[in-house]
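Presented below is the structure to which this report refers.
The values are calculated or read from the model by the stated rules, or taken from the named source; none is laboratory data. All figures in this text were calculated on a predicted structure; none of them were measured in a lab. All Cβ positions, even for glycine, are placed from backbone atoms using ideal geometry, and neighbour counts span all protein chains on display.
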Amino acid sequence: MDIQHFWLQVQGLWSTLDNHPLLRAGLGLALLLAIALVLGRVARFLILHGVKLLGRQPALHWLNDLLHNKVFHRLAQTVPSLVIQFGLNLVPVLSDKAAHFIGNVALAVTILFLTLAIGALLNALLDIYARTEHARTRSIKGYVQLAKMVLYIFAAIIVVATLIDRSPLLLLSGLGAMSAVILLVYKDTLLSFVASVQLTSNDMLRVGDWIEMPQVGADGDVVDITLHTVKVQNFDKTIVSIPTWRLMSESFKNWRGMQQAGGRRIKRSLHIDASGVRFLNADEQQRLTQVRLLTDYVGRKRAELHSWNEAQGEVADLAANRRNLTNLGTFRAFALAYLKSHPDIQPNMTCMVRQMETGAQGVPLEIYCFTRTTVWADYERIQGDIFDYLLAVMPEFGLSLYQQPSGADFRRGMLTAR
């Protein structure tokens, strides 16, 4: 009985609203909006909890990426605007013009959230792709950013066209007339997109590559490749952002080849004091045959030089007509044998010790070889050990390193002269 009485009161109140159409329409819209918001909350709850349950299955783990990027959140946000669109016909005493305007606003909101959902979907696909093997060699972040930019531009045109109740083609034709201005505004974007395509298609740059670009202060690992910039983390942990188009218009060094080859080059010279270069006498040659790395070399060279000198006859008595072992040549052979026997030197790559052009700083003896590792710290350790040993063993051959005189040398010389 109470329910019937309450219902009669509601009918009476609603019938009295017939004399106030604006109030009735306002209450109807408020009721529709409240229903839309409630249904939106319910839809969000059902969608999110359903997706979470499905995402626990291993075969559907990719749903967690969609959930993390809020794809389903954006889709659930379209429910209230859809309810308003389809429920406007149920609102009484609402003029066609007002209903048309509210419907356009609801449609624009629906398009907006659908666009955001597609953008979130692109982000989720990028996260899924980042876990694949191809992501190490091919970055698609620039393409995704370009797709999102085009998506948002066209969505903005459609939303504006919906609000002003005009065809989107009308706005697009206006943009065609402004193509010169658009090209000027998006010049860097277009250049960066073309550069990104060339860098990716030609496999010139990957995330994780060590590159050097001195003109922009970059010397480190590539940590991110986007549409507009390439981020490089230098070895001092600073970040350098390079416009993508500069990597195509200017040169840079990529150390990926060295890392893939499995060996890093050592190319450094020992500057020998030229005044210490001389022939080895018989006693010194005999002593050096006891050096394990030189036993074969000295024995072979002595036999070769003895045969050549005998072939010269009597003129071989003069030193200028006779061939002999030099301490520099013997040290060069020792250094090469030492490198080839070193466990940390790559045997399948170029390994040599060569004498460079003599200059004001003595005779450069260049060590040219490759280490077995490309790790920076290990490389420096190996290089340091090699040169420490060669510097320490040099006096055994009667050689010394060239060094410019210091103040202590001048003082010592002056004291000796006194």
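Worth a mention:
- The single residue among Ile111, Ile182 that is at pLDDT below 85 and part of a helix (DSSP H, G or I) turns out to be Ile182.
- Taking the conditions (1) at pLDDT below 90; (2) touching a helix residue (DSSP H, G or I) at 6+ places or on another chain (Cβ under 7 Å); (3) surrounded by 15 or more Cβ atoms within 10 Å (Cβ to Cβ) in turn, Gln259 satisfies each one other than (2).
- Residues of the range 351-364 include at least one that is modelled with pLDDT of 90 or more, among the β-branched types (Val, Ile, Thr) and in contact with a helix residue (DSSP H, G or I) (Cβ under 6 Å, 6 or more places away or on another chain).
- Which numbered condition Asn104 misses (of (1) in contact with an Asp or Glu (Cβ under 7 Å, 6 or more places away or on another chain); (2) surrounded by fewer than 16 Cβ atoms within 10 Å (Cβ to Cβ)): (2)
- Of all residues in the range 39-72, those being in contact with a helix residue (DSSP H, G or I) (Cβ under 7 Å, 6 or more places away or on another chain) and either under 30 Å from Gly103 (Cα atoms) or β-branched (Val, Ile, Thr) (or both) number 13.
- Some residue of the range 307-330 being under 49 Å from the mean Cα position of the chain (by Cα), at pLDDT 90 or above, in a helix (DSSP H, G or I) and surrounded by fewer than 17 Cβ atoms within 10 Å (Cβ to Cβ): no
- Residue within the range 206-215 that is out of contact with any strand residue (DSSP E or B) (no Cβ under 8 Å at 6 or more places or on another chain), at pLDDT 80 or above, not assigned by TED's automatic domain parsing to the domain that holds Gln85 and not in a loop (DSSP other than H, G, I, E, B) present: yes
- Which numbered condition Pro92 misses (of (1) at pLDDT 75 or above; (2) assigned to a loop (DSSP other than H, G, I, E, B)): (1)
- Per the listing Ala156, Ala195, Ala135, Ala130, the residue uniquely at pLDDT 85 or above and surrounded by 14 or more Cβ atoms within 10 Å (Cβ to Cβ) is Ala156.
- Single condition Met248 does not satisfy, out of (1) part of a helix (DSSP H, G or I); (2) under 16 Å from Met204 (Cβ atoms); (3) at pLDDT 90 or above: (3)
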